[in-house]
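Chemist: The structure's right below; bear with me while I get my questions together.
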Ligand SMILES: Cc1ncc(COP(=O)(O)O)c(C=O)c1O
């Protein structure tokens, strides 16, 4: 069976550049911080068009640090989408705050601003907008709500580094993912659109004060060595991962083009099937297609077909977050009035779409069995 994310083919394609970069770090004696990390942070910030990019140990740690920098304390409430990977809700709960689960749009699968509004209460401090499957959340609407209620926005772009969204401000043009929150994060988990060879993440902001806090929190609460101003953590991207990411970043725009072309081929193919709907990409958005996700009326039968054709697949995600056992009895409230998160969790199935996946081959296989 072919892999869901073809990371070995990607390594083969960039092998000499990667080995040169890896050897340079290994020979340098500088393994934590140093020039490779500093240069990557500058390049990430420039790519997104934002002042500050601070790398750290993972996307999950990036979320935790961002929430700490925003001042989240036990008892605060934070609104998160009910249909996503657990990390954003987990980090809120990890800090003793309460995730409140907003429902999603049934087609784009993104957090539903109307549901967000319904969950706002006196203890609500902010909204986490997740750029699900590589498409930016509806930030213009989220911003209007946040401004009206004095809330912050944390953009979880773990799946969407490289995506973009048309700005509401005329003349500004599209903005990149990782610039759409008061603070934003991404993940460099290996299978993410821009992935390293281990765990890694980054935090982005245009607010110099928040950026300084983030750097301090990620480094044991220190600005000055051995002077710990606050309780922080050790969350660092090591130099080897930074060197790998610098190589992959050189090829990233080309990879994104192939991912989008792969998604277009799938869209064309599935257009003939009325009971199979791709995640809708809202006007003004470009997706990174972290995964290519379909909503399928009879998922069980569809998966049997995929298995017969030996097409790899994943279910992102099999249940809405508010039903996860870890949140039981934690006072977590979900807006389930429309049940869209529940329905998506029963219909969603994702197909391989990375730049090294032969989507023509997959479509040929599917054509013979569908
Ligand atoms: C939406 C979302 N947020 C956060 C994370 C956490 O990232 P990491 O695995 O780097 O901790 C993930 C990882 O899959 C994710 O999909």
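The values are calculated or read from the model by the stated rules, or taken from the named source; none is laboratory data. Bear in mind the structure is a predicted one, so any value in this text is a computation, not a measurement. In this analysis, Cβ positions are derived from the backbone assuming ideal geometry, glycine residues included, and neighbour counts consider all displayed protein chains.
Chemist: Residues that are buried (at least 16 other Cβ atoms within 10 Å of the Cβ) and within 16 Å of the ligand (Cβ to nearest atom): which helices (runs of 4 or more DSSP H) entirely in segment 12-90 hold 1 or more of them?
Modeler: 35-48, 59-69
Chemist: Okay, next question. Residues in segment 172-182: is at least one out of contact with any strand residue (DSSP E or B) (no Cβ under 7 Å at 6 or more places or on another chain), without any contact (Cβ under 8 Å) to a residue 12 or more places away in the chain and within 27 Å of residue 283 (Cα to Cα)?
Modeler: Scanning segment 172-182, I find at least one residue that is out of contact with any strand residue (DSSP E or B) (no Cβ under 7 Å at 6 or more places or on another chain), without any contact (Cβ under 8 Å) to a residue 12 or more places away in the chain and within 27 Å of residue 283 (Cα to Cα), so the answer is yes.
Chemist: Would you check if residue 272 is assigned by TED's automatic domain parsing to the domain that holds residue 360 and under 17 Å from the mean Cα position of the chain (by Cα)?
Modeler: no
Chemist: Taking the stated definitions as given, is residue 249 at pLDDT 95 or above, surrounded by 15 or more Cβ atoms within 10 Å (Cβ to Cβ) and over 22 Å from residue 351 (Cα atoms)?
Modeler: In short, yes.
Chemist: Given the conditions (1) in contact (Cβ under 8 Å) with a residue 24 or more places away in the chain; (2) not in a helix (DSSP H, G or I), report the number of the one that residue 329 does not fulfil.
Modeler: (1)
Chemist: Determine which member of the set 160, 118, 137 is out of contact with any helix residue (DSSP H, G or I) (no Cβ under 8 Å at 6 or more places or on another chain) and crowded, with 20+ Cβ neighbours inside 10 Å.
Modeler: 137
Chemist: Inside segment 222-241, can you point out the residues that are in a loop (DSSP other than H, G, I, E, B) and surrounded by 14 or more Cβ atoms within 10 Å (Cβ to Cβ)?
Modeler: Across segment 222-241, the qualifying residues are 232, 233, 235, 236, 237.
Chemist: Additional query: Looking at 33, 59, which is the one that is at positive phi and in contact (Cβ under 8 Å) with a residue 60 or more places away in the chain?
Modeler: 33
Chemist: Another question about this same structure. Restricting attention to segment 91-103, which residues are part of a helix (DSSP H, G or I) and away from the ligand (no atom under 16 Å from the Cβ)?
Modeler: none
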